[in-house]
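The structure appears right after this line, and notes come after that.
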Amino acid sequence: MTTFTVRTIDYAQRAQLLAYMQKYKFDYDILEPEEKYNQEFVAKIQESRTQEKNGQTVKISIEDLWK
């Protein structure tokens, strides 16, 4: 048996590939990518970006960084 790894760029491409494999009765497995980041960390970053857009940030001058 030979194994191929195919990376699709969007849902449409994935659907076309699946239709082709089903038409010709290929045996296949779909492996979803693993989460790369902790979801709590991602939520904190998204919250921080929202705060920045809403102007809820504090600006620190360069001179005050090392005090």
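Throughout, read-outs are computed from the coordinates displayed, never taken from laboratory work. Just so you know, these numbers come straight off a predicted model, no measurement behind them. So basically every Cβ, Gly included, is an ideal-geometry build from the backbone, and we count neighbours across all protein chains shown.
Scan the chain and report its longest stretch carrying no chymotrypsin sites (Phe, Trp or Tyr not before Pro) that are both in a DSSP loop and have at most 15 other Cβ atoms within 10 Å.
The longest uninterrupted stretch comes out as 38-65.
Hand me the tally of lysine pairs in the chain: alpha carbons under 29 angstrom apart, and the pair either on different chains or 8 or more positions apart.
7
If all Cα-Cα distances of the chain are sorted into 10 Å bins from 0 onward, what percent lands in each bin, rounded to whole numbers?
Going out from 0 Å in 10 Å bins, the chain shows 14, 25, 20, 17, 14, 9, 3 percent.
If you filter the chain for GluC sites (Glu not before Pro), then keep DSSP loop positions with at most 13 other Cβ within 10 Å, what is left?
The qualifying sites are E34, E35.
Using the charge dipole of the chain (Lys, Arg: +1 at Cβ; Asp, Glu: -1 at Cβ; taken about the Cα centre), state which of Q46, T57, I30 has its Cα farthest towards the positive end.
Farthest along the dipole direction, towards plus: I30.
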